[in-house]
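Read-outs: derived from the displayed coordinates by stated rules, not from any lab. Since this is a predicted model, take the numbers as computed values, not measurements. Here the Cβ positions follow ideal geometry from the backbone for every residue, glycine too, while neighbour counts run over all protein chains shown.
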Amino acid sequence: MKKCRNAEAVAKHISRTLRNSSMVISNVMGPVEKLSLANHPVKGMYYTVAGTPESLRITIFSYAGNLRVAVGAEQGFIDSELYTRSLVNAFDTILRDACWKQ
């Protein structure tokens, strides 16, 4: 983005890149400390880009030391039951391996 001279040029570059992509993976480091809005604590946050033409969007976001993963896909692109089973299996494997090594 150093080549771009202003926010409008950056926005055009990002928009052009997203329009020409079929899959996007992004990561955003969020606040380390918990936030509150109007004296109401924020329990969690997610970040994702909406309205882009990708078939698959994966966003990784951290908030107050907790990792959040948001996945968006066009309708019918992913078998949701198979995806859910695979994701639970992967998290169980990660947890088992992390606890076993300690």
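Once you keep just the Cα pairs under 8 angstrom separated by 6 or more residues, what percentage relative contact order results for the chain? Before the final figure, lay out the partial values.
Values: 105 pairs, mean separation 22.7, N = 102.
Relative CO of the chain lands at 22 percent.
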Discussion item. Can you tell me the orientation of helix 80-100 relative to the chain, as the angle in degrees between its alpha-carbon axis and the longest Cα principal axis, to the nearest 10?
Written reply: 60
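Local charge sum around residue 46 (other residues, Cβ-Cβ under 13 Å, Lys/Arg +1, Asp/Glu -1)? Each step should come with its number before you reach the end.
Values: positive: 43, 57, 68; negative: none.
Net charge around residue 46: +3.
On full extension of the chain, what length is gained from residue 85 through residue 58, given 0.36 nm per residue of separation minus the C-alpha to C-alpha distance? Provide the component values of the computation, followed by the final result.
Details: separation 27, 0.36 × 27 = 9.72 nm, distance 1.74 nm.
Computed gain between residue 85 and residue 58 is 8.0 nm.
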Worksheet item: In a shell of Cβ-Cβ distance under 11 Å around residue 85, excluding residue 85 itself, what net charge do Lys and Arg (+1) and Asp and Glu (-1) give?
Response: -3
Response to the item:
Residues 74, 54, 81 in order from fewest to most other beta-carbon atoms within 10 Å are 81, 74, 54
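Which order do the peptides 55-68, 30-43 take when ranked by the mean count of other beta-carbon atoms within 10 Å per residue, highest first? Spell out each step's value before the answer.
Numbers: 55-68: 15.2, 30-43: 9.5.
Descending mean neighbour count gives 55-68, 30-43.
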Discussion item. If I fit a long axis through the Cα atoms of helix 7-19 and take the longest principal axis of the Cα atoms of the chain, what angle between them do I get, 0 to 90°, rounded to 10?
Written reply: 60
